[in-house]
Amino acid sequence: MASRGTFSLKRDIVAVCRRLYDRGLIAGPDGNVSVRVAPDRVLVTPAGLSKVDVQVEDLVELSLDGRHVRGDRRASSEILMHLRIYQRRPDVQAVVHAHPPTATGFSVAGESLAACVLPEVIGQMGSVPLLPYATPGTSELADSFDPFVEHHDAFLLANHGATTIGPTLTIAHQRMESLEHSARILLTARLLGNVNTLTPAQVETLIAARQRATPGTLSRMSRSVRA
Ligand SMILES: [Zn+2]
């Protein structure tokens, strides 16, 4: 990611904003997207604008401690959440925050997406914890990540939305799409009246397969799924 030009990364952010909007994962000015452009610098979407209208020149560059570096607009109101994640997870290169309707419905119902139901979800992001409610845009919301951020790559925020992170923007965005997709599947199974979860042995097999594919993610993933 560091080898890519900043302009290219800006275009990638704009493209992800469009895709989040087109897929109905955000509405109005909801949601925010950021990318780490240097070890201590991030690019983030601006406050107030609908993501469908965000242009490359609207993006804001900040230092990891929150100082404005470049850009004419004000950074997203959720910037504290983004910065906390980058501070705690040096491996993370991108953060996507959205309000996917079905996954957020689970958060309103007080449920996590921790059930081991779908192999692809376990392989992509492990279990998805439910973080306690905190007022959007506050340092309390950033604080709510502290107990979870080391061990998970996707988070439900109670009565609010979801956040996904990753080693690239593509992966963080795919995790958001998959999170909503899996929530819809789980809701459908509930409506049909039965949810068959995977057995511990089946989950272990998935973890072992993931370990062979991407060794670096194993310890975090196995902790998150087995937790
Ligand atoms: Zn939000």
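List of remarks:
- Shown in residue order for the stretch 187-194 are the 3J(HN,Hα) couplings computed by the Karplus curve 6.51 cos²θ - 1.76 cosθ + 1.60 at θ = phi - 60°: 5, 4, 4, 4, 5, 6, x, 7 Hz (x for Gly and Pro).
- Annotation for Leu187 and Arg18: the two label points, set 7 Å from Cα along the Cα-Cβ direction, are 2.7 nm apart.
- For the stretch 4-112, the normalised intensity computed at q = 0.09, 0.12 Å⁻¹ comes to -0.22, -0.39 (log10 of I(q)/I(0), Debye sum over alpha carbons, equal scatterers, no solvent).
- The charge dipole of the stretch 1-40, taken about the Cα centre with unit charges on the Cβ atoms of Lys, Arg (+1) and Asp, Glu (-1), comes to about 160 debye, rounded to the nearest 20.
- Note that the stretch 39-51 has calculated 3J(HN,Hα) couplings of x, 10, 9, 10, 9, 9, 5, x, 6, x, 6, 5, 5 Hz, one per residue in order, obtained from phi through the Karplus relation 6.51 cos²θ - 1.76 cosθ + 1.60 (θ = phi - 60°); glycine and proline are x.
- Gain on full extension, evaluated as 0.36 nm per residue between Ala27 and Arg212 minus their Cα-Cα distance, stands at 62.7 nm.
- The simple spin-label model puts a point 7 Å past each Cα toward its Cβ; for Asp40 and Arg88 those points are separated by 2.2 nm.
- Counting only protein chain heavy atoms and rolling a 1.4 Å probe, the accessible areas of Lys51, Lys10 rank, largest first, as Lys10, Lys51.
- Label-point gap, in nm, between Asn196 and Val69 - each point 7 angstrom along Cα→Cβ: 5.1
- Sorted on the mean count of surrounding Cβ atoms within 10 Å across their residues, most packed first, peptides 68-74, 13-19, 93-99 read 93-99, 13-19, 68-74.
- Cα extents of the chain along the three principal axes, largest first (Å): 52, 35, 30
- Using C-alpha pairs under 8 Å with a sequence gap of at least 6, the mean separation divided by the residue count of the chain gives a relative contact order of 18 percent.
- Added length on full extension, which subtracts the Cα-Cα distance from 0.36 nm per residue, Ala47 to Val108: 19.5 nm
The values are calculated or read from the model by the stated rules, or taken from the named source; none is laboratory data. Note that this is a predicted model, so its numbers are computed, not measured. Neighbour counts are summed over all protein chains in view; Cβ atoms, including those assigned to glycine, are modelled from backbone coordinates with ideal geometry. Keep in mind that these areas ignore ligands, DNA and RNA; they rest on the heavy atoms of the full protein, side chains included. Shrake-Rupley method; radii C 1.70, N 1.55, O 1.52, S 1.80 Å.
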